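Here the structure comes first, spelled out in structure tokens, and everything after it is commentary.
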Amino acid sequence: MDYILHVLILALIYSIFAVSLNLELGYAGLYNFGHVAFFGIGAYISALLSRAGMPVEGAMLCAMAGAGIAGGLLAVPALRVTEDYFGIATLVFAEMFRLVCLNERWLTKGPMGLPGIPRPAWIARGVDGLPAYLILTAMAAAGVFLFVRRLTGSPFGRALRVIREDEHIAQAFGKNVRLLKIKTIMTGSALAGLAGTLWAHYISYISPADFTLTETILVVLCVVLGGRGTYWGPVLGAFAVIFFGEAVRFLPIPHELHRYVAPLQGVVYGGILVLIVLKMPNGMIAEHRRNGA
């Protein structure tokens, strides 16, 4: 039972992460391959503040704000380049963030990571706190889902779809395309920061190894597999990917091959992503069904 609660918590955290990326990728057409950096920024800010004595709830809010501001600071220069180069710029930013966390040992303890990250005071540590943490994560996921659904159903969301299809048409209608994109990236980054805080306070330990290209591929896979630009697609994709990843643990793999499981998992995720793009580009839930999704 404890293991099932653990998997559900992970799936809900990645649902928030995937929904935040879908806001940028699915609705605005922004290929942000550095989204994991904002997940990490939220995790580190919340961990550092809570370890310094700030209440966890306050640390999480500060972390969301910090991740959103970081997203805005990245968006201003990165949006000056074309779409392909924007993706490269965000990928470089994510690697820069990981290297800073790896080398600034006075702040992040480098590769040793940050242990002893506290949970909210009303949640017990260890397995005893799993039911309460599941409730917290489910409430956060529901709040994010409803917020994004309302946002994308508003004139702001409709403007994003127009920008995704043709920026020139959006400009002809008097939309400030650059400002809308910056707002979108800031919002998506703040929500990714929330997912990062939930991860950090759940695992109680983070390190630079948690925020690599593999995590980027994983969250992109969640969005593409579920269906870009849909309400339920990223949630469905996140649950499918997390349950698939956990199912691999039960395969009868010889002991001498265990060292290759993690690298092969990344290869498998990348291969699945390529196959989905080629064979099922709309994902499990096509965008034209979003009103009923």
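The values are calculated or read from the model by the stated rules, or taken from the named source; none is laboratory data. Please read these numbers as outputs of a predicted model, since none were measured by experiment. Don't worry about glycine lacking a Cβ; one is built from the backbone with ideal geometry, like all the others, and counts go over all protein chains shown.
The number of residues in the stretch 177-190 that are free of Cβ contacts under 8 Å to residues at least 40 places away in the same chain and either under 15 Å from Asn32 (Cα atoms) or among the aromatic types (Phe, Trp, Tyr) (or both) comes to 1. Would you check which residues across the stretch 87-137 are under 22 Å from Leu49 (Cβ atoms), polar (S, T, N, Q) and surrounded by 14 or more Cβ atoms within 10 Å (Cβ to Cβ) and list them? Answer for the stretch 87-137, where residues must be under 22 Å from Leu49 (Cβ atoms), polar (S, T, N, Q) and surrounded by 14 or more Cβ atoms within 10 Å (Cβ to Cβ): Thr108, Thr137.
Within the stretch 201-218, the set of residues being among the hydrophobic types (A, V, I, L, M, F, W, C) and more than 14 Å from Ala43 (Cβ to Cβ) comprises Leu213, Ile217, Leu218.
The residues in the stretch 147-176 that are in contact (Cβ under 8 Å) with a residue 60 or more places away in the chain and either within 18 Å of Leu191 (Cα to Cα) or of a type in the set (A, V, I, L, M) (or both) can be counted, and the count is 7. Inside the stretch 228-239, residues that are in a helix (DSSP H, G or I) and among the aromatic types (Phe, Trp, Tyr) make up a count of 1.
Looking for something more than 27 Å from Ile4 (Cβ to Cβ), among the hydrophobic types (A, V, I, L, M, F, W, C) and touching an Asp or Glu at 6+ places or on another chain (Cβ under 8 Å) - is there at least one such residue anywhere in the stretch 148-161? No; the residues of the stretch 148-161 include none that is more than 27 Å from Ile4 (Cβ to Cβ), among the hydrophobic types (A, V, I, L, M, F, W, C) and touching an Asp or Glu at 6+ places or on another chain (Cβ under 8 Å). Does Gly153 fit the bill of being surrounded by fewer than 19 Cβ atoms within 10 Å (Cβ to Cβ) and at pLDDT 90 or above? Judged against the criteria, Gly153 is a match.
Within the stretch 12-36, being more than 13 Å from Ala140 (Cβ to Cβ) and either aromatic (Phe, Trp, Tyr) or part of a helix (DSSP H, G or I) (or both) holds for Ala18, Leu21, Asn22, Leu23, Glu24, Leu25, Gly26, Tyr27, Tyr31, Phe33, His35, Val36.
The number of residues in the stretch 50-81 being outside any helix (DSSP H, G or I), within 18 Å of Leu179 (Cβ to Cβ) and either without any contact (Cβ under 8 Å) to a residue 40 or more places away in the chain or out of contact with any Phe, Trp or Tyr (no Cβ under 8 Å at 6 or more places or on another chain) (or both) comes to 2. Would it be correct to say that Ala142 is surrounded by fewer than 18 Cβ atoms within 10 Å (Cβ to Cβ), within 20 Å of the chain's Cα centre (by Cα) and within 14 Å of Trp199 (Cα to Cα)? No.
Within the stretch 82-111, if we keep just the residues that are under 27 Å from Arg178 (Cα atoms) and of a type in the set (Val, Ile, Thr), the residue that is modelled with the lowest pLDDT turns out to be Thr82. When Leu225, Leu191 are screened for being assigned to a helix (DSSP H, G or I), crowded, with 24+ Cβ neighbours inside 10 Å and in contact with a Ser or Thr (Cβ under 8 Å, 6 or more places away or on another chain), only Leu191 passes.
Residues that are assigned to a loop (DSSP other than H, G, I, E, B) and aliphatic (A, V, I, L, M) were ranked within the stretch 105-121; the one that is farthest from Ala47 (Cα to Cα) is Ala121.
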